Amino acid sequence: MRILVVGAGAVGGYFGGRLLEKGVDVTFLVREKRKQQLEKRGLVIRSVHGDAQLTPKLLVAAEEAVPFDVVIFSNKAYHLPEAIRDVKPYVGEGTLILPLLNGIAHMDLLWQEFGKENVLGGLCFIETTLAEDGTIIQSSPTHTVKFGEWSGEITQRVKRLDDLFSSCNARFELSEQIVTDMWHKYLFIAAMSGVTTLFRVPMGLVCSGEYGQEILLALLKEIGAIMRAHGAPIEDGIEEKQWAQMNSMPPQMKSSMQRDMEKGQMVEVDHLQGYLLQLAKQHQITTPLLKAVYHHLKLYERQRG
Ligand SMILES: NC(=O)C1=CN([C@@H]2O[C@H](COP(=O)(O)OP(=O)(O)OC[C@H]3O[C@@H](n4cnc5c(N)ncnc54)[C@H](OP(=O)(O)O)[C@@H]3O)[C@@H](O)[C@H]2O)C=CC1
Ligand SMILES: CC(C)(CO)C(=O)C(=O)O
């Protein structure tokens, strides 16, 4: 099976790299600057799970290649329309699309462009970032991808993927409830990226002090209420469960949005918190904390220019 990973950034470079390390036929769709970096230094991973230095196959938009069996989207949400345009020539009739982006709003666009039957659900749990020199730095124990059919069915095609992904130096889990998994991850990241960017400290400090825990739980509950009103299949009590999880995380843990902010880069605010606020308006849910998080991120965007 031939796999095309869109973007050799923090997530795509890490998981694509782990598959390549195992011997899977992986190609990365990259842009010119990243291509030059990868040609010069290779794909370099520094990770708590072991380092790697790999020589990746690279493709730049409009170069010739026959369609791939699987396309893994690992770009940021704000680059998705352009990434879809660049990927289209490499998608054939049987190509499976696997997105690893945070959030949920990207699914509509992928379904529209590739057909719902060709798009799997997917997400990842990992703390990883791209250093200035192109090194992928992966810094905490979890390095998991979850994927599955939108229907939850265990089909032949996801079983084949499961085999292909098995025994590499990262966890790939085939899920029978990927829709729930994706909404749960969305709840988690919308809250965690919100508080870590608002207070600009790692999770340990967010959860400290007189009000830290209170604010975090209240934000999770606001987001949970929006999701329930929208009919998202989230579990009862998931907010408290995730709150406890966030309290037991390594205290130095940061969100990827926070790391992007520290680097002065763009943030996925419209895709994550903005989309939730649209749903809140639609379902008339009151969300003062989420609005504060959103407003702060939009001010950051404005100051960034
Ligand atoms: N980092 C993390 O710890 C986690 C991130 N996520 C989610 O994963 C997604 C990806 O995040 P992350 O890996 O951090 O982002 P990065 O910015 O590190 O990587 C994204 C990569 O996509 C590339 N890209 C964008 N458009 C194109 C294109 N048209 N063709 C080729 N390459 C393209 C960018 O290339 P270029 O360098 O040319 O701009 C960049 O290298 C996000 O939705 C994020 O929220 C989820 C879990 C954890
Ligand atoms: C919370 C975390 C690190 C877990 O994967 C994440 O998804 C992110 O920061 O984007």
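Bear in mind that the values in this text are calculations on the coordinates, not laboratory data. The structure presented is a predicted model; accordingly, all values stated were derived computationally and were not measured. Please note: Cβ atoms are built from the backbone with ideal geometry, for glycine as well, and neighbour counts cover all protein chains shown.
How high is the FRET efficiency from Glu64 to Asp163, r the C-beta distance, R0 51 Å, rounded to 0.05? E between Glu64 and Asp163, to the nearest 0.05, is 0.95.
Bridges between two residues of the chain, per DSSP, are antiparallel at a rate of about 30%. Think of it as helices only: each DSSP H run of n ≥ 4 in the chain is worth -39500 (n - 2.57), and spread over all residues that comes to -14000 deg cm²/dmol at 222 nm. Both radii come from the Cα set of the range 2-176: Rg as radius of gyration, Rh as Kirkwood radius; their ratio Rg/Rh reads 0.93. Our summary of shape: the Cα atoms of the range 181-304 have principal axis extents of 36, 33, 27 Å, ordered from largest down, in whole angstrom.
Taking every full run of DSSP H in the chain, the ones that stretch at least 15 Å from end to end by Cα along their long axis and average 0.5 or higher on the Kyte-Doolittle scale are 178-199, 212-230. Sorting Arg304, Arg31 from the fewest to the most surrounding beta carbons within 10 angstrom yields Arg304, Arg31.
Zone of Ser139 (label point 7 Å along Cα→Cβ, backbone N under 13 Å): which residues in the range 225-259? Counting only backbone N, you get 250-259.
Here each label is just a point 7 Å from Cα along the line to Cβ, and for Gln282 and Glu301 those points are 1.8 nm apart.
Annotation: the residues Met246, Met107, sorted from fewest to most other C-beta atoms within 10 Å of their own C-beta, follow the order Met107, Met246. Across Val11, Val179, Val24, mean-square fluctuation computed from a Gaussian network of the chain (C-alpha pairs under 10 Å connected) peaks at Val24.
At 37 °C and 0.692 mPa s, grab the translational diffusion coefficient of the chain from Stokes-Einstein with a Kirkwood Rh over Cα pairs, rounded to a whole number in µm² per second. Diffusion coefficient, whole number: 165 µm²/s. For Lys116, the lysines whose Cα falls under 16 Å of its own Cα, not counting residues fewer than eight places away in the same chain, are Lys88. Seen from Pro202, the other residues with C-beta closer than 13 Å to its C-beta sum to a net charge of +1, counting Lys and Arg as +1 and Asp and Glu as -1.
Pairs exceeding 22 Å between alpha-carbon atoms, taken from Lys221/Lys281; Lys221/Lys291; Lys146/Lys185; Lys146/Lys221; Lys76/Lys298: Lys146/Lys221. Measuring r between the beta carbons of Glu262 and Asp108 and using R0 = 41 Å, the FRET efficiency lands at 0.85. Placing a label point 7 Å from the Cα of Asp51 along the Cα-to-Cβ direction, the residues of the range 119-151 whose backbone N falls under 17 Å of that point are 129-140.
Please build a GNM for the chain, connecting alpha carbons under 10 Å apart, and tell me which residue among Gly209, Gly16, Gly224 fluctuates the most. Top of the fluctuation ranking is Gly209.
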